[in-house]
Amino acid sequence: MKKADAGTPAPRGRKARAATGGARRVTVDPAPRTAGGPERGGDGAERGRPALTSRAAILALVMCVIALSLAYPLREYVAQRYRIAELQAEQEQIRREVEELQQRQDELEDPAYVEREARTRLHYQYPGETAYVVLDSEGAQEGARESEAPDKPWFARLWESIEEADRARTEPEEIPEAQPPRH
């Protein structure tokens, strides 16, 4: 078997096989051919596949469309979960208030509690009972301090407060001289 020249391509077809005695010719190139080899007009440097094929671009586009179509429903889902949590907290607070009001209602339905409150807060008593009011060392009642009745009309008290404000400053106030700001 003969080796073909490296520069000439091996003949193909039936006639070529008949000329070589029916044997196939095998050509061996000393340098492997690349996509950018001399036969394609390239410089012989190895070129890889393109970075982004059309299939990859379509896949990326589909993934972006899916992500964008899921963004709004996902945002709504998160907002609804947040709102549900707020409503559950509000419901728990209202449930506690209802329990407190139910307890207060139960207390007010008890005649002993109502009687005790009427005696302490309103100083009620049964006929024939004598009520005693204990005064402190100064001779004033606890409740009377909070709600003293005014002995003068409002305009007289207002005028007295104005006169008192004028009397408070008998000496003229010294005003310091202005100084430039220091840096």
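Only the coordinates and a few stated rules stand behind these numbers; no lab work does. The shown structure was predicted, so the numbers you read here are calculated from the model rather than taken from an experiment. Please note: Cβ atoms are built from the backbone with ideal geometry, for glycine as well, and neighbour counts cover all protein chains shown.
Kindly write out, for region 153-159 in residue order, the coupling ³J(HN,Hα) from the Karplus curve 6.51 cos²θ - 1.76 cosθ + 1.60 (θ = phi - 60°), rounded to whole Hz, with x marking Gly and Pro.
Karplus values, whole Hz, x for Gly and Pro: x, 4, 6, 6, 5, 5, 5.
I want the local charge near E129. Using Cβ-Cβ distances under 14 Å, sum +1 for each Lys or Arg and -1 for each Asp or Glu among the other residues. Could the numbers behind the result be given before it?
Details: positive: R119; negative: E115.
It works out to a net charge of 0.
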